[in-house]
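See below for the structure under consideration.
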Amino acid sequence: MRLLACTAALAMGCFAVPAHAEATKVVYGYAWADGTGHLRVVPKSAAFVRKDGFVGYRLKAVTGAKEVRLGYTRASYGRVTVACDLKETEGQVALDAKGLGRTACKPGDLDDSLDRGPVPLRVEYQGSRAVRINEFLVQGWPAARTARGTLKRVNDSTVLFATGGKQVKLGYTYATSFHRTTARCQDAWLAGKPVNADKNGLGKKSCTAADLTRALKTAKHPVLVKIDYTPGVDGVNEVWEVFGDA
């Protein structure tokens, strides 16, 4: 009887969906690299904008949105640039009718994009795997701000910043500046005398993001800092080591 029912269903053009098949979901937001072949993104609400020559999206925070981590090594990647290896649009864009990047690129090109910093993306995914990724242009990139608080290392490109009773997860790249109070950029956190601290206890020795990673690895507890960061995008632009309680 069951066989006859299945045969009849096939004859009518029907087909059975495997019980384990996962529905495709979509997320918009600023993506960050999160390990080899993976990205993380906090979902935003996205409104399509076509005005005064601009075609793209306006992103807004979603209350209670939880970060999504996805593997993308088998995903298609559409860029807004006219060539996959360009860092910037250089005045020319390749967009489809929905304002999404349409230059067909490879996952390796997304590696390069994410290495440079956060990328506004629309991601279609199933489970923990991205299947289609499109870059887009953002209307009104959030403004940066400065704040004091504590910093704790998550991995080599991610930190937790706590200030005013709140904690936020932030990403950083090779472009992030690090200002030290120590004698050398390679020193452990607050090692030695604060020979490079200003009158407010802030570091003034220019160092790199790699030095920040190295220094944070030596810190067993959250460390006092001043940072310049971009809320919404959740990226760190500059970090100042702070000596003592200054």
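The values are calculated or read from the model by the stated rules, or taken from the named source; none is laboratory data. Keep in mind that this is a model prediction, so the values were computed, not measured. Because the Cβ atoms are built from the backbone with ideal geometry, glycine has one as well, and the counts that use them run over all protein chains shown. When the accessible area is computed, the model is the full protein with side chains, heavy atoms only, and any ligands, DNA or RNA have been set aside. Shrake-Rupley method; radii C 1.70, N 1.55, O 1.52, S 1.80 Å.
Once neighbouring chains are kept in place and the probe is 1.4 Å, which whole percent of the accessible area of segment 194-246 is contributed by carbon and sulfur?
Carbon with sulfur: 49 percent of the solvent-accessible area.
Just the number please: accessible area per residue for segment 60-104, 1.4 Å probe, all protein chains included, in Å².
Details: 2890 Å² over 45 residues.
Per-residue value: 64 Å².
How would Glu90, Glu22 rank on accessible area, largest to smallest, probe 1.4 Å?
Solvent-accessible surface, decreasing: Glu90, Glu22.
What FRET efficiency comes out for Lys51 versus Asp228 if R0 is 25 angstrom and r is the Cβ-Cβ distance? Round to the nearest 0.05.
0.25
Work out which chymotrypsin sites (Phe, Trp or Tyr not before Pro) in the chain are exposed loop sites (DSSP not H, G, I, E or B, at most 12 other Cβ within 10 Å) and give the longest gap free of them.
16-173
When the convex hull of the C-alpha atoms of segment 64-201 is computed, what volume per residue in Å³ does it have?
Convex hull volume per residue, Cα atoms: 176 Å³.
With the Cα gyration tensor of the chain giving a ≥ b ≥ c as the square roots of its eigenvalues, does the rule (a/c under 1.5 for rounded; else a/b larger than b/c for prolate; else oblate) give rounded, prolate or oblate?
Verdict is prolate for the chain.
Using helices alone, what [θ] at 222 nm do you get for the chain, with -39,500 (n - 2.57) per DSSP H run of 4 or more residues, divided over all residues and rounded to the nearest 500? Present the calculation step by step, with values, prior to reporting the outcome.
Details: 3 runs with 29 residues, N = 246.
Taken over the chain, the calculation gives -3500 deg cm²/dmol.
Could you report segment 109-246's accessible area per residue, 1.4 Å probe, as an integer in Å²?
Accessible surface, normalised per residue, equals 48 Å².
Roll a 1.4 angstrom probe over the protein heavy atoms and tell me the percent of accessible area of segment 16-146 that is carbon or sulfur.
49 percent
Filter Lys87/Lys217; Lys66/Lys204; Lys193/Lys226; Lys60/Lys204; Lys152/Lys193 down to the pairs with a C-alpha to C-alpha distance above 29 Å, please. Present the calculation step by step, with values, prior to reporting the outcome.
Numbers: Lys87/Lys217 31 Å; Lys66/Lys204 36 Å; Lys193/Lys226 19 Å; Lys60/Lys204 35 Å; Lys152/Lys193 22 Å.
The answer is Lys87/Lys217; Lys66/Lys204; Lys60/Lys204.
So, counting K/R as plus one and D/E as minus one, what does the shell of residues with Cβ under 13 Å around Trp189 add up to?
+4
Show me, for segment 40-54, the HN-Hα J-couplings you get by feeding each phi into the Karplus relation (A = 6.51, B = -1.76, C = 1.60, θ = phi - 60°), rounded to Hz, glycine and proline as x.
In residue order, the calculated couplings are 10, 8, 8, x, 10, 7, 10, 10, 5, 10, 9, 7, 6, x, 8 Hz.
Determine the dipole magnitude for the chain: charges of +1 sit on the beta-carbon of Lys and Arg, -1 on that of Asp and Glu, nothing else is charged, the reference point is the Cα centre, and the result goes in debye to the nearest 20. Don't skip to the end; give the middle numbers.
Working: 36 positive and 23 negative charges, 129 e Å.
That gives a dipole near 620 debye.
Quick one: net charge of Lys166's neighbours, Cβ under 15 Å, K/R +1, D/E -1?
Net of charged neighbours comes to +3.
By the gyration tensor of its Cα atoms, with a ≥ b ≥ c the square roots of the eigenvalues, what is the shape of segment 118-187: rounded for a/c under 1.5, prolate for a/b over b/c, or oblate? Kindly include the intermediate steps, with their values, before the conclusion.
Values: a/c = 2.01, a/b = 1.86, b/c = 1.08.
Prolate.
To the nearest 0.05, what FRET efficiency results for Lys220 and Ala97 with a Förster distance of 41 Å applied to their C-beta separation?
After rounding, the FRET efficiency stands at 0.20.
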